[in-house]
Amino acid sequence: MGGQSILTASIVLAIMILPIISSISREVFPAGPPGQPWRGHRAGATRWETIRLAVLPYGRSGMVSASMLGLGRALGETIAVAMVLSQVPGITLHILQPGGNTIAANIANYFGEAGTVGRGALIATGLILFVITLVVNMAARAIVARRKEFS
């Protein structure tokens, strides 16, 4: 198992987006109705029941939004992935073997040396990355809107 594998890059990205998700999620919970958690305790609910029934329903859309922001950061992260992965062109499905690349790192690594045809292909992959990011953001908005309907 090499140190320059997709698994290593995934762990680096997870560590990079964890502070974003946790800090936004932490700010979501105090924004709920004041005194809501205490009502569950007064009614005789356990701590887990209070969290599940009184805290999480009000913060669920914020947690989904925080996760989608973190995912957007991970999708657009170029330099960290380009530095961790080895310079092997192409995409591999073996996460423990050295090599592989992401779309953003592929564009960053090969744009300078590309000819006119290669540059057009890299611009097309940039467009594909934009469409993927747009679809993820639209899915996040749909999830948040659906959660607000049920709340």
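Restricting attention to the stretch 105-136 and to residues that are of a type in the set (S, T, N, Q) and at pLDDT 80 or above, the residue that is most open to solvent (accessible area, probe 1.4 Å) turns out to be Thr116. The requirement of being at pLDDT below 80 and of a type outside the set (A, V, I, L, M, F, W, C) is satisfied by Glu149.
The values are calculated or read from the model by the stated rules, or taken from the named source; none is laboratory data. Computed from a predicted structure; not experimentally measured. Calculation scope for accessible area: heavy atoms of the full protein, side chains included, ligands and nucleic acids excluded. Shrake-Rupley method; radii C 1.70, N 1.55, O 1.52, S 1.80 Å.
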